[in-house]
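Each remark here refers to the structure printed beneath this line.
The values are calculated or read from the model by the stated rules, or taken from the named source; none is laboratory data. As the structure is a computational prediction, the values presented were derived from the model and not from experiment. Counting neighbours? That spans all protein chains shown, and the Cβs are built from the backbone with ideal geometry, glycine included. Ligands, DNA and RNA are stripped out before the accessible areas are found, and what is left, the full protein with its side chains, is counted by its heavy atoms. Shrake-Rupley method; radii C 1.70, N 1.55, O 1.52, S 1.80 Å.
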Amino acid sequence: MAERDRLRHRLDDGLAVLGLDLPDATRVRLIAYVELLARWNAAYNLTAVRDPGDMIARHLLDSLAIVPYVSGTTLADLGSGAGLPGIPLALVEPQRQVTLVDSNGKKARFLREAVRSLKLVNVRVVEGRVQDVPGQFDCVTSRAFATLADMLDWAGGLLAESGRWLAMKGKLADEEIAAVPAGFRVEQVVALDVPALVGERHLIVVRRA
């Protein structure tokens, strides 16, 4: 219980800094997700972050920092890995339909277990390449997954006509922004201030041109 209290304290402090007032039930499920990830990580090496307390800042709060920019009723999280940012975003907004995409078998297995264990009825898992995902989405997220040019070349067709692509990055590379392919435009670049996280974090918002 002491460990769970530590995690809850870190989460509550971070949410206060981000200005996110989440229901208690949602906070409990966010902590349950971190605990599940920590258990699986011991065997499956899903993330280099080992300490569940560090996962609060480096995974949960980092994902939740983009909540104000997420819109629409459908979201695809490409290269979802351990479910970031897709699972935290799905927990915060249960009315939004979220698709988690990853080609790695062990990561896809964890994602399916997280959906089952956390009873995420608004989430589905697609194990496969982003190029093969059907349909279009109001919002597409990607976290440290390839360059903007590659992502849009591979999966730009997934973005609905009026949708938003939210690319989460560390340091900003001007040449990467300049290389956005025809048919798309960078609408906004946001410096994210993630509580208790050391290092630069940026969000690049891309729309259809």
Flag for Thr47 being of a type outside the set (Gly, Ala, Ser), touching a residue at least 12 places away in the same chain (Cβ under 8 Å) and buried (at least 20 other Cβ atoms within 10 Å of the Cβ): no
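Would a scan of region 96-113 turn up a residue that is over 17 Å from Gly128 (Cβ atoms), touching a Lys or Arg at 6+ places or on another chain (Cβ under 7 Å) and not β-branched (Val, Ile, Thr)?
Scanning region 96-113, I find no residue that is over 17 Å from Gly128 (Cβ atoms), touching a Lys or Arg at 6+ places or on another chain (Cβ under 7 Å) and not β-branched (Val, Ile, Thr), so the answer is no.
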Index of the failed condition, Ala209 passing every other in (1) surrounded by fewer than 18 Cβ atoms within 10 Å (Cβ to Cβ); (2) closer than 26 Å to Ala16 by Cβ; (3) among the aliphatic types (A, V, I, L, M): (2)
Checklist (1) within 18 Å of Ala114 (Cβ to Cβ); (2) open to solvent by less than 20 Å² (accessible area, probe 1.4 Å); (3) modelled with pLDDT under 95; (4) part of a helix (DSSP H, G or I) applied to Gly53, failing item: (1)
Subset tally (residues that are under 16 Å from Val140 (Cβ atoms), touching a residue at least 60 places away in the same chain (Cβ under 8 Å) and either touching a Pro at 6+ places or on another chain (Cβ under 9 Å) or surrounded by fewer than 18 Cβ atoms within 10 Å (Cβ to Cβ) (or both)) for region 75-108: 1
